[in-house]
Every structure is written in structure tokens, then in C-alpha cells.
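Chemist: I am attaching a structure below and will ask some questions about it afterwards.
The values are calculated or read from the model by the stated rules, or taken from the named source; none is laboratory data. These numbers come from a predicted model, not from an experiment. Glycine gets a Cβ as well: all are built from the backbone with ideal geometry, and neighbour counts include every protein chain shown.
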Amino acid sequence: MRVLLQRLTPAVALLLGLAAASAANRPIQKLVWDKERHRLEADVRGFGLGLLLERLAAETGWQVYVEPGTRHTASAKFKNLPPGEGLRLLLGDLNFSLVPQTNGSPRLYVFRSDVRQATRLVRAFRDTGRSRRIPNELVVQLRDGTDAQALAARLGAKVIGCIENLRVCRLQFVDADAADAARAMLVLDEEVTAVDYNYWIDPPPMPAEATLAASTPSLKLNPPAGEGQIVIGLVDTPVQELCGELNGFLRAPISVVGQSVAAPASAVPTHATAMANMMLRSLQTATRGSTSVQILPVDVYGANATTTTYDVANGIVAAVNNGANLINLSLGGPGDSAFLQALIEAVRARGIPVIAAAGNEPVSTPFYPAAYPGVLAVSAGRGGEIAPYANHGSFVDVAAPDSDVFCYGGRSYYVRGTSAAAAYVSGLAAGLKEASGQDWDAVQKQILDRFGVRSATR
């Protein structure tokens, strides 16, 4: 099979550190891809095909497709070989074709006999070491007809959660080595369509008591506009009682963490309570105080300090299934979940925008889910300038107002951060759409014109 490489763009050499599951004592396995010279260097021993391809996809940016059910173990050591020769040694008896694309990354097809059978996309796996991966868990998407309990039993795991309409299950193993070994088996398993790690998501910043007096947004709830009503899915902590007449803007809450949906009795407000107030404040600004927009609270934290990418995905699904047509994610972390990214892509394909916080550290590293393509990533700031404490990565789209003084339990509380900025933009987007009747793309353009980051390259 001829390998097409002549149109690849030169770039710096890439180093892939490839460590097989449960092999901490082995020498580091590596693959050096020098695009400048079109040469390969590799030292790979006993490495499964799926893990090899997903790391190759991550480091090169290629779209990698493989024939389902293909099995191969790569063992090769060489230096300074042309790519075709190097890939032949890595892939053994398998056929492959690396095809340049006019408007996109090259595609690598790996197959047994017919290139048309290379239909399974191998998602890139990226782990920076900061990901906060849950060491003994996997998130697995099953093919129709696959029994989750039987699969878990075969792997020595137990099922601790499923998103039924997606056929996605959360598996728990005895330890990290068992999870890594199972993942190595499942990357190309014909019973599953995808496998990913699960990641912790950071605790949200909590509001603090304020000395300034709070002002409650002045809003009138109009009758719902039928199918045209805008509902913001607030995927966050539980939402508590709001002040004044604002509770009418909250729909019945949902919980996906197996706990009561009732708002917790607490002397201090939850993070989501602050986010709801911030949304209503920007709604007042955009609609002049009269709106039918409502907020659907979806609890993905419960009584826990942290949540996970699996629970956030489950919360997004619950929000959409219960009428949300705009998703607010005032949360995030460094874990890059291919599963969560794919879900968000599917939600956006239904015409539902996703707005997310960019993170409260003065760094440029990606913060997920805000850094996923198509998500409106919101940092804090004004006039196109990002606040000194906030994330300023190239994935950031807008810098919006980031603070609010609100009422809870007869007292004043203060919140500040990119999570509040994201909530502000979500309320503003909902209000602008309702007031103008424009589509979401036009609304997003208005927001970018007003709050777009001057240095953004995304």
C-alpha cells in the first residue's frame, strides 16, 4: 500500500513518551517524528496498536482511522528512517495509508486488507501530568448489544454509573494498574466504541460575605413563549432559595449524583446560587427587566467538594433532555476528556451553545471544557483586556464582568471569578436572543464584538 507524504507541513520534531499499561519499570518507549527531515526514530517494545495510534494522533495532529477489531503489538527499534519504512516496522503486517488533506490534518488509515474498512476514529490521548485523572476509573461507550455488567465482570471491574441513552458507563477497578490494563484492551475492542479516563473537576470558588449592600435584580417573569422559550442549563452545584421574586425564574432542579435535589440548608450560599443571581443580573440588563427566560439547575456536585467529567457530561445530557437550549459550565479543570469533548460537539450540533469558564489562574494552559473547539470560553476582564488573575490562553474568546454582590438569607455576599463571568455571558446571551430573535451565531457575534479578547487567536 503506497504511503502519501509529500504534502506534509514541516514542523519541529515531536517526541512521544509511550509507556505501556502496568509497565512502570520498563525503559521509556519513544517515537520521534522529525517532520523537517521526514525521518522516524523509534524504540517501542510490546506496545498495543490502540495506544500507539492514539498517542500518534495526539502528537502529530493527524486524524487516525483503524479497521475495528484490528490487533497488533508494536516492537521496533530504529533511527533515521523514512516515514514509510518506519511505519512499516511499527505496523508489521498491517496495511496503512497516510493521506494529505486539502483543508485539514493528514489522515492515517490502518487496516488489514481494504482501506474502506478503516472506519473507527482513534481519538488523541493527551495527559500533561496535571490532569487529575481518577486512577481507578474508566468511562466506556458501549456498542448496541453489549452487556455492561458482563463486560465489567470480564475486566474485573464494577459498573458505578451509566448514561443509558448514550450507552456510556462508568467502570471502577481495584487500582490504577487494573484500569490501565483494561484500557489497553478496550481501545480497539469491538464491544465498545470509545474508552476514556475519568477526571476530577476542581471545586468551584465559594462566595464570601460582603460589607456592601446587595441589590436584587428587578425582573418580571413573562409567560413562557412555548417552544421558543430560552432555558439556561446551569450545570453546577445545587441552587438555593433566591431573594425577592426571583425563584420564579428557576425551573424544578435536577440532580445526577444520586442525592436529593432539594436545595441544602446552609448559612452560606452555594456556588450555583451565586451563578443564578449573576445570570439574572445580566438578563435584566439585556431585556430591560421583562423576560420569559428561565434557569434549569442541574446538580453535578451534591454534597461533594469536587465533581468529575463523567458527572458533568451526565448533567449536560439531563439539562438538554429537560428543555435546556443553552448550557452554562461555570466549572472546569485541566483534564482533557475526549468523551466530554465528543458530547459537547454533539450538543452543539443540535444548535445548543455551550458557554464555559476559562479558569482563575494567570496561565495560558488549556482549561476544560472551555478549551474545547466551539465552546465560548469566558475569562474575566473589561475592555478586551483579561484580568491579571485569570487564564489568558489562546483558547479564551471573551473577557466579561466577573463580580457581583447578591442577596442570600437576608445578607449580602460577594462572588468573583471567571465562573461568574461565564454566568454573566450566559444570561446576556439568553437575553439578547430573546430580545432580538436572532440566531445563536448572531448573538455570539454581538458578544464577541463587545467583550472579545484583543489578543485571542482562536
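Chemist: For Thr193, are the conditions met, namely being assigned to a strand (DSSP E or B) and of a type in the set (Ser, Thr, Tyr)?
Modeler: Yes; evaluated as a whole, the condition is true for this residue.
Chemist: Residue by residue through the stretch 388-444, note down the ones that are of a type in the set (Phe, Trp, Tyr) and under 19 Å from the mean Cα position of the chain (by Cα).
Modeler: Once the filter is applied, which keeps residues that are of a type in the set (Phe, Trp, Tyr) and under 19 Å from the mean Cα position of the chain (by Cα), the stretch 388-444 yields only Phe395.
Chemist: Of everything in the stretch 196-236, what is of a type in the set (Gly, Ala, Ser), under 30 Å from Tyr368 (Cβ atoms) and crowded, with 16+ Cβ neighbours inside 10 Å? Give them in sequence order.
Modeler: Gly233
Chemist: Give the residues of the stretch 308-329 that are touching a Leu at 6+ places or on another chain (Cβ under 7 Å) and either closer than 15 Å to Ala430 by Cα or part of a loop (DSSP other than H, G, I, E, B) (or both), sorted by residue number.
Modeler: Within the stretch 308-329, Asn322, Gly323, Ala324, Asn328 meet the criteria.
Chemist: Now a separate question. Return a yes/no flag: does the stretch 62-76 have any residue that is touching a Pro at 6+ places or on another chain (Cβ under 9 Å) and either under 26 Å from Ala176 (Cβ atoms) or of a type outside the set (Asp, Glu) (or both).
Modeler: Yes: one or more hits.
Chemist: Scan the stretch 267-317 residue by residue and report those that are under 22 Å from the mean Cα position of the chain (by Cα) and among the β-branched types (Val, Ile, Thr).
Modeler: Residues satisfying the conditions are Ile295, Val298, Val300, Thr306, Thr307, Thr308, Thr309, Val312, Ile316, Val317.
Chemist: Moving to a separate point now. When only residues in the stretch 324-345 that are over 16 Å from Ala370 (Cβ atoms) and at pLDDT 95 or above count, which is surrounded by the most Cβ atoms within 10 Å (Cβ to Cβ)?
Modeler: Ala324
Chemist: Being of a type in the set (Gly, Ala, Ser), more than 24 Å from Tyr408 (Cβ to Cβ), surrounded by fewer than 24 Cβ atoms within 10 Å (Cβ to Cβ) and out of contact with any Leu (no Cβ under 7 Å at 6 or more places or on another chain) is true for just one of Ala305, Ala358, Ala349. Which residue is that?
Modeler: Of Ala305, Ala358, Ala349, the one residue that is of a type in the set (Gly, Ala, Ser), more than 24 Å from Tyr408 (Cβ to Cβ), surrounded by fewer than 24 Cβ atoms within 10 Å (Cβ to Cβ) and out of contact with any Leu (no Cβ under 7 Å at 6 or more places or on another chain) is Ala349.
Chemist: Failed condition for Val396, given (1) without any contact (Cβ under 8 Å) to a residue 40 or more places away in the chain; (2) closer than 23 Å to Val443 by Cβ, with all others met?
Modeler: Failing condition for Val396: (1).
Chemist: Here are some conditions: (1) touching a residue at least 24 places away in the same chain (Cβ under 8 Å); (2) outside any loop (DSSP other than H, G, I, E, B); (3) surrounded by 14 or more Cβ atoms within 10 Å (Cβ to Cβ). Phe125 meets all but one. Which one does it not meet?
Modeler: (2)
Chemist: Counting only residues that are among the β-branched types (Val, Ile, Thr) and part of a strand (DSSP E or B), which one in the stretch 28-50 is surrounded by the most Cβ atoms within 10 Å (Cβ to Cβ)?
Modeler: Looking at residues that are among the β-branched types (Val, Ile, Thr) and part of a strand (DSSP E or B), I get Val44.
Residues checked against (1) assigned to a helix (DSSP H, G or I); (2) in contact with a helix residue (DSSP H, G or I) (Cβ under 8 Å, 6 or more places away or on another chain); (3) charged (D, E, K, R):
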position	(1), (2), (3)
Gly359	no, yes, no
Tyr372	no, yes, no
Pro388	no, no, no
Gly393	no, no, no
Ser412	no, no, no
Val415	no, yes, no
Ala421	yes, no, no
Gly431	yes, yes, no
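Chemist: Quick check on the stretch 198-210. Is at least one of its residues in contact (Cβ under 8 Å) with a residue 40 or more places away in the chain, more than 20 Å from the chain's Cα centre (by Cα) and closer than 25 Å to Arg123 by Cα?
Modeler: No: zero hits.
Chemist: Here is a list of conditions, (1) under 23 Å from Leu142 (Cα atoms); (2) in contact with a helix residue (DSSP H, G or I) (Cβ under 8 Å, 6 or more places away or on another chain), and Leu121 meets all of them except one; can you say which number that is?
Modeler: Answer for Leu121: the failing condition is (2).
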